[in-house]
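What follows is one structure encoded as structure tokens, with my remarks underneath.
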Amino acid sequence: MATVTTTEQNTNTLVATPAFENAGRRYEHIAPDLEKWDIYRLHEDRDAFVSELEEATYERLLEEHGGDLQNLLSKTIFSEQNRTKQEPWKVDPPKERSYYKRLAKMLATRSLDEEEQTTADNAARNILKRIVHRYSDEIVGHFKIPTFRFARRFLTFFFGRLLNAADGRSFRSLFSKKILLQEKLLVRGYVERVRELSKIGTVVFVPTHFSNLDSILIGYALDQVAGLPAVSFGAGLNLYNTGYTAYFMNRLGAYRVDRRKRNGVYMTALKMFSKLIIKKGVPSLFFPGGTRSRSGALETKLKLGLLGTAVEAQRASYQEGREEKIFIVPVILSYPFVLEAQFLVEQHLREQGQERYIKASDNFQSLRSILKFVWGVFSKGNTITISLGQPMDVLGNRVEATGLSYVRSGRHVSTREYFRDQHGEINQDYQRESEYTRMLGEKIVERYHADGIVLPSHIASYAAFALVERANIGTDLYGIMRLPAEEFFFDEPALLNVIAQLRDVLLDLSNEDRVKVSPELYETPEGILQHAMDSIGNFHIQKPLHRDADGKVICDSYAMLYYYHNRLSTFKLKGKIKYPKPLIHEFAGVR
């Protein structure tokens, strides 16, 4: 597809067929009987699974630390004593401090007083079993079909009523005409392929992470829009501090993650949990970036711990003679705006620049803030896009709907062959699997960029912040953050010119399968700018881009503009911009 020349035709509308035409469709469920879901079968005999997790974790720890259990346990108990003293939570078991104090005494007594080393080793193993049991029972949650059905109905009502109200611009339209959920919560991308793969193997979803709403939205959209079974996902143990939240999270298949615990025993238990559920065919979801993107950029460096469990689970399945494959599906969320943006970007700037910023509160904690966010998203025609990226095997090879793997050249390859040793046997090799995990991580990052949907808010924010940087050459990022944004306005022709240039570059990248763009990017630069201001300009108190009373395009906060600009920062687009003049103007006198 030919692009439009920026200098001569930057106001023309491009006529093209947007990628991912399946947006707005709602699919029939591939497994309507919940009792046949693997996540239900797993939790139906929870005690047996907890015992299996204990055994697997214990054996793995002996394999890795068997020669120095004393040191492992000393570090673990010491860290737990500090945690219970410095960061106690309501959800913690009663008398937890005394529990670890008692274990510390047992370890010291056995280690120092027993004459025979074998007795000390046995004592260490018994203490290890106690801790592993405690962690395993804490991590494994429950899945209750009645609770899941209630949550499904409630979220459908909640989102559906808000959509109707938002479409009518007031709550008077709360029960008026029906707005289809899939028209506002878009699931795009390789949906058909993922549905087919879900029938023949285990799917592991690895999303980008921008908001605390991500897990709820993805889980609901996969079930009610894409028609896929429920996934197992991690939920912070802090969410269990409140009664209502704890009740639902504890019955919807979530496993509990305590981010205060960083010791080797706990981390091994988490990894073994992930490996076991994947091997058992339970669809899984975890954020390989580890936490919400503070800068607003797509993740480029992934945490490989849980990702490696998928590689190990595939090898273990082959060792058991099973043919089922594990499929990795990148998931990329595109919000018109992010509720926590101010809190996140200020945290990022403090961490990176070692500067003192006024701390913004993370205001995604109350039902009121969630309602406000959803209302803001769906009003004025806003949508949330969840893109299912190109599926791959655990080596990062492209996978077709049949489950067959193909390398970049188009040659079919067998995933099983990657796990054979020099004698042709499937064998365990952690060093080899670590390298496979690294390769997989790189492929996921590549697909984040190739399959993520670029929205008008992304391109307009990127163009505007590029103009700010260009107008302040020689000033570093933190110097720009200190500039009085209220004293300047953008030269609109220059801003539209840069938007048109970026649009052309992104459309070329789209033709090369290196990015996906929303349909609005085929409109005029004026249309793109207006869409952007209608989304990021209608929610935040400090608006990244909007018009003042005189119609001038202004920015209330360069930090907020920088956050939304960062969504495209990893594409390295600034070197492709030819900057027009002037760029920005200073207001004459007081506004």
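Looking at the stretch 258-266, is at least one residue crowded, with 23+ Cβ neighbours inside 10 Å and at pLDDT 90 or above? Yes, because at least one residue in the stretch 258-266 is crowded, with 23+ Cβ neighbours inside 10 Å and at pLDDT 90 or above. Residues considered: V399, V407, V454. Of these, the only one that is touching a strand residue (DSSP E or B) at 6+ places or on another chain (Cβ under 6 Å), over 30 Å from P580 (Cβ atoms) and surrounded by 14 or more Cβ atoms within 10 Å (Cβ to Cβ) is V399. Output the residues belonging to the stretch 42-66 that are among the acidic types (D, E) and assigned to a helix (DSSP H, G or I). Correct list: E44, D47, E52, E54, E55, E59, E63, E64. On the basis of being touching an Asp or Glu at 6+ places or on another chain (Cβ under 9 Å), assigned to a helix (DSSP H, G or I), among the hydrophobic types (A, V, I, L, M, F, W, C) and farther than 19 Å from V140 by Cα, does L69 make the cut? So L69 fits the description; yes. Using the structure shown, decide if A532 is under 13 Å from V468 (Cα atoms) and either of a type in the set (F, W, Y) or surrounded by 15 or more Cβ atoms within 10 Å (Cβ to Cβ) (or both). For A532, the condition - under 13 Å from V468 (Cα atoms) and either of a type in the set (F, W, Y) or surrounded by 15 or more Cβ atoms within 10 Å (Cβ to Cβ) (or both) - is not met. Pairs are defined by a Cβ separation below 6 Å, a sequence spacing of at least 6 or placement on different chains, a first member in the stretch 565-576 that is buried (at least 20 other Cβ atoms within 10 Å of the Cβ), and a second member that is in a helix (DSSP H, G or I); the pairs so defined are H565/S461; H565/Y462; H565/F465; R567/H458; L568/H458; L568/Y462. Taking the listed residues E442, E512, E446, the one that is more than 30 Å from I536 (Cα to Cα) and out of contact with any strand residue (DSSP E or B) (no Cβ under 8 Å at 6 or more places or on another chain) is E442, with no other qualifying.
On the given criteria, is F175 at pLDDT below 95 and either among the hydroxyl-bearing types (S, T, Y) or touching a Phe, Trp or Tyr at 6+ places or on another chain (Cβ under 8 Å) (or both)? When the stated conditions are applied, F175 does not pass them.
Taking the criterion of being in a helix (DSSP H, G or I) and among the β-branched types (V, I, T), the residues of the stretch 497-543 that qualify are V498, I499, V505, I528, I536.
Can you tell me which residue is surrounded by the fewest Cβ atoms within 10 Å (Cβ to Cβ) among those in the stretch 179-201 that are more than 21 Å from the chain's Cα centre (by Cα) and at pLDDT below 95? So the residue we want is L180. Looking across the stretch 544-560, the residues that are out of contact with any helix residue (DSSP H, G or I) (no Cβ under 7 Å at 6 or more places or on another chain) and either surrounded by 19 or more Cβ atoms within 10 Å (Cβ to Cβ) or in contact (Cβ under 8 Å) with a residue 40 or more places away in the chain (or both) come down to D548, K552, I554.
The values are calculated or read from the model by the stated rules, or taken from the named source; none is laboratory data. Because the structure is a prediction, the values reported are computed rather than measured. Here Cβ is always computed from backbone atoms with ideal geometry, including for glycine, and neighbour counts include all displayed protein chains.
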